[in-house]
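Participant: Before I ask anything, let me first share the structure, which is written out below as structure tokens.
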Amino acid sequence: MSLAAFRGTSRALRTLPRWAATTTTTTTAAARLGARVQVQSCVAARRSQSSSAASLDGQQSVRDESTSANTGVAPNGSDADAGQKLLSAHLREADPAVFDIIEKEKKRQKHSINLIPSENFTSQAVLDALGSVMQNKYSEGYPGARYYAGNEFIDQSERLCQQRALEAFGLSDKEWGVNVQSLSGAPANLYVYSALMNTHDRLMGLDLPHGGHLSHGYQTPTKKISAVSKYFETVPYRLDEETGLIDYVKLDELATIYRPKIIVAGASAYGRFIDYKAMKATATKVGAYLVADMAHISGMVAAKVLPSPFNYADIVTTTTHKSLRGPRGAMIFYRKGVRSVNKKKEEIMYDLEGPINASVFPGHQGGPHNHTITALSVALKQAQSPEFRAYQEQVLANAQAFSKRLSEPKNSGGLGYKVVSGGTDNHLVLIDLKPQHVDGARVERVLELVGVASNKNTVPGDKSAMVPGGLRMGTPAMTTRGFNEDDFVRVADIVDRAVTIAVRVDKAARKAAEDKGEKYKLKFFFDHLGSGEDDSEIVQLRSEVADWVGTYPLPWIEEGKA
């Protein structure tokens, strides 16, 4: 039965007697015709029947056309009950395949070490909000100005989220506003660029191989990798390769020549403080907006354990699921009030709120994800707690211990790795593996096989993002699990053992390729390595990792239940 027919007859169908559901029709067309005839006949018969209890006992719902029309047998039980069960059944019962995948992922998370600096474990309260009825509502527009009815409590939730966002970072609503509707960090950056620039206007961001992010306009000499570099003219600033630090002098020189509309202060793989004051001075000199992308460090900024970009930036963007430990979303903060004073002593006001809000909706998005905004509100409340500050302090302490163990010379008891910039000021440690004659892609795979999640990453001097020389690691996720400094010293030793395995396997795979007369590529290494089941060192290290980390609880699972 078509949806239109179902809507027109469902009320009558609910009260059809059981005998009316049977038919001997065998073809689809005949079944549909028979169903319509039966509906009409039965409705007429129903009107002439008395409302005796005997006739009521024979009534049932007839919604399954294939059962009633094609088999001639009335369906067992109530279709209404079946429909309700479809909506109310637990995932374990409703979809065992998906439930099984989730349980396997839960087990993986519990028994592996997560060193990916952009990942974290969110709280049970955030997960509760993510899975709430706020998911069911459409709310295009902004609080008080929606394109749908029924948004009273959605408006309350979004306003609360905005209020808590400002509170979490110590901001006055007279000086700052915030948009919490962006779906993620890269889109949020694009929305800002689109709000402030026309196509082919100029943008400067940290080069990807030097620690920047794709969304800051990455391109190669032969290809525009990020769509941002297609829409706008982008030029990168870089690190001083000798020190591993941002070269602010060169940045200033480039900006003076290039005169960008936006300068982005932010990184994806940079372990040092960013000099926002110096970047603001450059931006002011060339008339550019300073956009700070604090996606990685926003949790530490909220906890006031790292310098804040809000003292200097015109706009601040951030994701919400990294060190902030919230749901997967983003925020755009924008300044209000006086931007500058001209030569006539006239105040030039910021005009960011309208363009940014319009860029988010309707410029790039439709309805926001209300369950995410609600969950973000929960995370922002948690970010203002003493416990959250203590957590972020531990994140930094763990990163220091991790970096020190990796970078100290072997004759001083360390492991002798080259840490880019010589250390870290935040949660992130980036090592250059070229001195070990191996790359990040190979080490990442070996680490994955022993139960450690990290990610290969470009370092200064690299030419390939797929086979880069670096490995990027961070401390937020395992600090959430309860790791301390001593634990991260042990993690550094595990990483070192994995590097040793990768070097050994690489030599063997290279020789095997030469013996076959084949060109040695990364795929050959992966094929030679396989699942690691035939490598006793990998099997042993995997078992050690699983047994050790499995003793640490996941934040949203009670002891003994995983």
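Every read-out reported here was derived from the displayed coordinates using simple, explicitly stated rules and does not represent laboratory data. Model, not experiment: these values are computed from the prediction. Because the Cβ atoms are built from the backbone with ideal geometry, glycine has one as well, and the counts that use them run over all protein chains shown.
Participant: May I ask you to work out the translational diffusion coefficient for the chain at 20 °C, viscosity 1.002 mPa s, via Stokes-Einstein with Rh from the Kirkwood sum over Cα pairs, reported in whole µm²/s?
Facilitator: On the way: Rh = 27.4 Å.
Value of D from the Cα-based Kirkwood radius: 78 µm²/s.
Participant: What are the ³J(HN,Hα) values, in whole Hz, obtained from phi via the Karplus relation 6.51 cos²θ - 1.76 cosθ + 1.60 with θ = phi - 60°, for each residue of the stretch 419-428 in sequence order, with x given for Gly and Pro?
Facilitator: 8, 4, 6, x, x, 8, 10, 10, 8, 10
Participant: In which sequence would LEU541, LEU380, LEU471, LEU86 go, from the one with the fewest C-beta neighbours within 10 Å to the one with the most?
Facilitator: Values: LEU541 22, LEU380 25, LEU471 29, LEU86 9.
Listed from fewest to most nearby Cβ atoms, that is LEU86, LEU541, LEU380, LEU471.
Participant: Would you mind getting me the FRET efficiency between THR551 and GLN156? Use the beta-carbon distance for r and R0 = 51 Å, nearest 0.05. Walk me through the numbers on the way to the answer.
Facilitator: Values: r = 42 Å, r/R0 = 0.82.
Once rounded, the FRET efficiency stands at 0.75.
Participant: Ok, one more. Starting from the 7 Å offset along Cα-to-Cβ, what nm value, one decimal, do you get for the label separation of ALA465 and GLU242?
Facilitator: The two pseudo-label positions are separated by 3.0 nm.
Participant: Further, regarding this structure: Would you mind ranking VAL133, VAL301, VAL489 so that the residue whose beta carbon has the fewest other beta carbons within 10 Å leads the list? Can you show the working numbers first?
Facilitator: Numbers: VAL133 10, VAL301 24, VAL489 16.
In order of increasing Cβ crowding within 10 Å: VAL133, VAL489, VAL301.
Participant: Under 25 Å Cα to Cα from LYS511, which lysines show up? Leave out anything in the same chain fewer than 8 places away.
Facilitator: Within the straight-line cut-off, LYS511 pairs with LYS434, LYS456, LYS463, LYS519, LYS521, LYS523.
Participant: Based on the alpha-carbon set only, what is the convex hull volume of the stretch 92-225 divided per residue, in Å³? Please list the in-between numbers first.
Facilitator: Numbers: hull volume 30.9 nm³, N = 134.
Normalising the Cα hull of the stretch 92-225 by residue number yields 230 Å³.
Participant: Return the whole-Å distance between the Cα centroid of the stretch 376-443 and the Cα centroid of the stretch 231-296.
Facilitator: The two parts, judged by their Cα centres, are 23 Å apart.
Participant: Want the number for GLN84 to VAL98: 0.36 nm per residue separation, take away the alpha-carbon distance, what's left? Walk me through the numbers on the way to the answer.
Facilitator: Details: separation 14, 0.36 × 14 = 5.04 nm, distance 2.02 nm.
Taking GLN84 through VAL98 to full extension adds about 3.0 nm, to one decimal.
Participant: Something else about it: Under 19 Å from the 7 Å Cα→Cβ point of LYS507, by amide nitrogen: which residues of the stretch 429-452?
Facilitator: 433-440, 442-444, 446-447
Participant: If the chain between GLN384 and GLU518 were fully stretched, how many nm would it gain, using 0.36 nm times the residue separation less the Cα-Cα distance?
Facilitator: Values: separation 134, 0.36 × 134 = 48.24 nm, distance 5.80 nm.
Stretched out fully, the GLN384 to GLU518 stretch lengthens by 42.4 nm.
Participant: Sticking with this structure for a sec: Ranking request for peptides 221-230, 278-287: highest mean number of other beta-carbon atoms within 10 Å first, then the rest in descending order.
Facilitator: On the way: 221-230: 13.5, 278-287: 17.7.
My ranking of the peptides, most packed first, is 278-287, 221-230.
Participant: Give me the one-decimal nm value for the distance between modelled label points at ALA397 and ALA278, 7 Å along each residue's Cα-to-Cβ direction.
Facilitator: 3.1 nm
Participant: Also: Cross-link partners among lysines for LYS137, C-alpha distance below 24 Å, same-chain residues fewer than 8 apart left out?
Facilitator: By straight Cα distance, LYS137 reaches LYS85, LYS381.
Participant: Let me ask something else. Suppose each label sits 7 Å from its Cα in the direction of the beta carbon; what would the GLN163-VAL133 distance come out to in nanometres?
Facilitator: With each label point 7 Å from Cα toward Cβ, the separation is 2.2 nm.
Participant: How about LYS224: which aspartates and glutamates have a C-alpha closer than 19 Å to its C-alpha, ignoring those fewer than 8 places off in the same chain?
Facilitator: Partners within reach: ASP201, ASP207, GLU233, ASP462.
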